[in-house]
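Novice: Just dropping this structure here.
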Amino acid sequence: MRESSAAANGVQAMTTATIERELIESGPAARELGVARETLCYWERTGRIAPPFRTANGRRIFTREQIEEIRQAREARKTMADAPDAA
């Protein structure tokens, strides 16, 4: 039974390590996106982005997928803004 327990702990440790690598606090996420941290907070308050996860002490943390979705949405908005009117 100890082996099963050790194996379970190994899976838990691996999963936790994987998750920790994929979670990014708001400051680094903002720098990666090229915006201010306050901008991410504003986008969250106004519904432009889905609310990120929160740590136990209330810090915002984003997944790699969330950051990529924000990046794609920004690129789409920029493309639409740069496109000539289809009149």
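Novice: I need the peptides 61-69, 43-51 ranked by packing, meaning the mean over residues of other C-beta atoms within 10 angstrom, with the highest value on top.
Specialist: Top to bottom by mean Cβ count within 10 Å: 61-69, 43-51.
Novice: Can you order the peptides 75-82, 26-33 by their average number of other Cβ atoms within 10 Å per residue, highest first?
Specialist: My ranking of the peptides, most packed first, is 26-33, 75-82.
Where a number appears in this text, it was derived from the coordinates with a stated rule and is not lab data. Everything numeric in this text was worked out from a predicted model, so none of it was measured. All Cβ positions, even for glycine, are placed from backbone atoms using ideal geometry, and neighbour counts span all protein chains on display.
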